[in-house]
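The values are calculated or read from the model by the stated rules, or taken from the named source; none is laboratory data. Quantities reported herein were computed from a predicted structural model and do not represent experimental measurements. When we count neighbours, we look across all protein chains shown, and the Cβ atoms used for this are built from the backbone with ideal geometry, even at glycine. Surface areas here come from the heavy atoms of the whole protein model, side chains and all, with no ligands, DNA or RNA. Shrake-Rupley method; radii C 1.70, N 1.55, O 1.52, S 1.80 Å.
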Amino acid sequence: MNLLVTGGAGFIGSTYARMLLNGAPDALDVSRVTVLDKLTYAGRPDNLDLTDPRLTLVHGDICDPDTVAEAMTGVDQVVHFAAESHVDRSIADAHAFVRTNVAGTQTLLDQALRQGIDRFVHVSTDEVYGSVETGARSESDPLDPNSPYAASKAASDLLALSCHRTHGLDVRVTRCSNNYGPRQYPEKVVPLFVTRLLTGREVPLYGDGRNVRDWLHVDDHCRGVDAVRLHGRPGEIYNIGGGTELTNRELTGLLLAACGRDWSAVRQVPDRKGHDLRYAIRDDKVRAECGYAPQTDFETGLARTVEWYRRHRRWWDC
Ligand code: NAD
């Protein structure tokens with residue numbers, strides 16, 4: 001079985017591609033992986049083992065129909081991670097987000113239909129539900145995105161689901177919480193703080209630091225995505241959670257301790273515009289239907305992540 005992984009040179013997509021090729025027991029149905037990636041600032045070929053003969057990296061844009069048609073030739077299933085993914089960048093300029101996340105997803109769906117792809121997993125985010133004051137969002141709850149990033153992901157979710165309802169393509173949508181782990185570009189809070197703390201610099205904490213996020217190790221997320229690919233149902237949405245809710249202030253305290261620094265390293269900065277207070281999802285559906293459960297306890301996962309950045313300075317300090 002041949003799989004196309006879009007955005008497979010980025011943080012989560014490359015973890016997923018490595019997981020498939022390194023023999024995740026459930027992924028033994030996969031014999032070849034093609035990664036289609038534009039190699040933006042967030043994508044790096046050295047996130048992949050390019051010496052593996054089962055892996056092909058196609059350097060190209062998901063918005064380009066010819067490139068997509070070529071990359072999809074001979075492919076059975078698609079797992080779609082490629083996106084512009086950083087909220088702050090979308091606040092500064094949303095155009096690339098609309099182009100890649102919305103138009104790019106539609107280009108992939110068009111080609112998937114044309115080429116008779118038998119399964120399309122669209123990877124999305126809990127941010128499409130917007131800020132959650134109390135409780136947690138289920139898959140059937142309305143979308144209420146606030147940032148341009150979240151709005152572009154919500155649009156792409158709806159296009160993917162409409163392709164299932166209108167044309168019958170087997171589309172499955174996943175919505176996960178905040179990922180952390182090795183190889184995340186140091187603009188997101190965990191690698192930004194770790195790389196700054198390890199080099200003796202200050203870290204910027206937005207507002208009063210009371211915003212809450214649920215943390216999910218990237219390996220668990222990738223296991224969840226593959227569980228949906230293998231055991232999910234066409235046309236369904238699956239939330240994938242991590243089960244560790246923390247305020248940004250609590251997360252900062254843990255990162256300071258892990259890097260041997262104290263609160264004098266923290267500089268409070270004006271809050272992000274439209275900063276969602278809390279994201280929270282229920283993920284009982286993916287647990288019940290697909291057999292997913294996170295395996296990485298947060299304390300261990302965070303310690304290993306900090307250690308990875310400590311040992312791989314050449315990866316981020318360039
Ligand atoms: P990332 O920014 O690390 O990687 C994105 C990858 O997509 C990069 O390799 C980049 O080069 C590629 N890309 C961007 N534009 C492209 C284009 N036009 N054509 C082809 N490739 C292109 O992102 P990530 O954190 O790995 O996120 C992957 C997916 O997971 C995204 O769809 C994101 O919305 C979703 N997600 C991420 C998180 C998180 O915490 N990181 C949480 C929820 C959902």
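Given the options 296, 136, 256, identify the residue whose Cα lies farthest towards the positive end of the charge dipole of the chain (+1 on Cβ of Lys, Arg; -1 on Cβ of Asp, Glu).
The one lying farthest along the dipole's positive direction is 256.
From the P(r) of the range 179-220, could you give the percentage of C-alpha pairs in the tail past 12 Å?
64
Taking H as built 1.01 Å from N, whose amide H comes closer than 5 Å to the amide H of residue 124, not counting residues under 5 places away?
The list, which skips near neighbours in sequence, is 174, 175, 176.
What whole-number value in Å² describes the accessible area per residue of the range 18-150 for a 1.4 Å probe?
44
Where a Cα-Cα gap under 18 Å defines reach, which lysines qualify for residue 188, not counting those fewer than 8 residues away within the same chain?
Cα-Cα hits under 18 Å: 153, 273.
In debye, nearest 20: dipole of the chain around its Cα centre with unit charges on the Cβ of K, R (+) and D, E (-)?
Its charge dipole is roughly 620 debye.
In percent, how large is the relative contact order of the range 235-318, given Cα pairs closer than 8 Å and 6 or more residues apart?
Once divided by the residue count of the range 235-318, the mean separation gives 44 percent.
In the chain, what percentage of the DSSP-assigned beta bridges are antiparallel, given to the nearest 5?
Once the DSSP bridges in the chain are tallied, antiparallel ones form about 10 percent.
What's the magnitude of the charge dipole for the range 94-193 around its Cα centre, counting Lys and Arg as +1 and Asp and Glu as -1 at the beta-carbon? Answer in Debye, nearest 20.
Once rounded to the nearest 20, the dipole reads 320 debye.
Can you compute the helix-only [θ] at 222 nm over the chain? Use -39500 (n - 2.57) per DSSP H run of at least 4 residues, normalise by all residues, nearest 500 deg cm²/dmol.
-11000 deg cm²/dmol
Suppose we keep just the DSSP beta bridges with both residues in the range 149-247; what percent of those would be antiparallel, to 5?
35
Quick one: Kirkwood hydrodynamic radius for the chain, alpha-carbon pairs, angstrom, one decimal?
Computed over the chain, the radius equals 19.8 Å.
Could you give me the ³J(HN,Hα) list for the range 271-285, computed from phi with Karplus coefficients 6.51, -1.76, 1.60 and θ = phi - 60°, whole Hz, x at Gly and Pro?
4, 4, 4, x, 5, 5, 6, 8, 10, 7, 10, 9, 10, 5, 5
May I ask which residue of 166, 80, 190 lies farthest towards the positive end of the charge dipole of the chain, with charges of +1 (Lys, Arg) and -1 (Asp, Glu) on Cβ and the Cα centre as origin?
190
Over the chain, what relative contact order in percent results from Cα pairs under 8 Å that are six or more residues apart?
17
Return a whole-number percent for the relative contact order of the range 1-119, with Cα pairs under 8 Å and 6 or more residues apart as the contact set.
Relative contact order comes out at 30 percent.
Whole number please: convex hull volume per residue, Cα atoms of the range 93-165, in Å³.
Measuring per residue, one finds 82 Å³ for the Cα hull of the range 93-165.
If you roll a 1.4 angstrom probe over the protein chains with everything in place, what fraction of the accessible area of the range 71-162 belongs to carbon and sulfur, to the nearest %?
Heavy-atom surface of the range 71-162 belonging to carbon and sulfur, 1.4 Å probe: 50 percent.
What is the Cα centroid distance between the range 42-65 and the range 255-318, reported in whole angstrom?
If you average the Cα positions of each part, the centres end up 26 Å apart.
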